[in-house]
Amino acid sequence: CAARCIASAARFDSPRQQPAGSGWNPTRTCRVGGGLSSNGVGEARQSPFAVQRRHKSIVPFPLAQTGEGIAECEVVRWFIKEGDTVEKFQPICEVQSDKANIEITSRHEGVIKTVCFKPGDIAEVGKTLVEI
């Protein structure tokens with residue numbers, strides 16, 4: 001049922017964009033699937049948007065522009081490893097350009113799935129540093 005709820009709500013960016021009379025209500029049971037589980041026992045369902053938040057996707061975290069005219073940086077060291085949980089604004093690595101050493105902080109929270117560079121590797125601006 002959750003998959004059908006998500007599919008029916010996928011064309012809307014937020015609950016406010018749901019058309020009037022669509023029956024969407026974050027506190028009611030799922031109307032698409034009839035509110036019943038596969039074994040026939042009724043169970044309360046969350047809104048499709050709550051389900052989407054629970055199943056987060058992998059987000060690539062690219063190396064941002066660190067200064068004017070800088071096209072690449074050397075990865076000096078990592079403060080995290082694969083499997084670690086990170087919070088927003090937590091330092092994840094230190095990079096070095098020809099002008100300065102810069103500490104890169106996370107813009108996202110989640111679990112580190114992949115670290116794409118090793119210390120000493122050269123990372124180009126826009127290339128993925130980690131997947132969260």
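Looking at Ile70, Ile112, Ile58 in this structure, which one is open to solvent by less than 40 Å² (accessible area, probe 1.4 Å) and within 22 Å of the chain's Cα centre (by Cα)?
The conditions single out Ile112.
Can you spot a residue in region 108-129 that is β-branched (Val, Ile, Thr) and not in a strand (DSSP E or B)?
yes
Which numbered condition trips up Ile102, out of (1) open to solvent by 40 Å² or more (accessible area, probe 1.4 Å); (2) in a loop (DSSP other than H, G, I, E, B); (3) in contact (Cβ under 8 Å) with a residue 24 or more places away in the chain; (4) not aromatic (Phe, Trp, Tyr)?
(2)
The values are calculated or read from the model by the stated rules, or taken from the named source; none is laboratory data. Values in this document were obtained by computation on a predicted structure and should not be read as measured data. Ideal geometry is used to build each Cβ from the backbone, glycine not excepted, and the neighbour counts take in all protein chains shown. Surface accessibility is based on the protein's heavy atoms, side chains included, excluding ligands, DNA and RNA. Shrake-Rupley method; radii C 1.70, N 1.55, O 1.52, S 1.80 Å.
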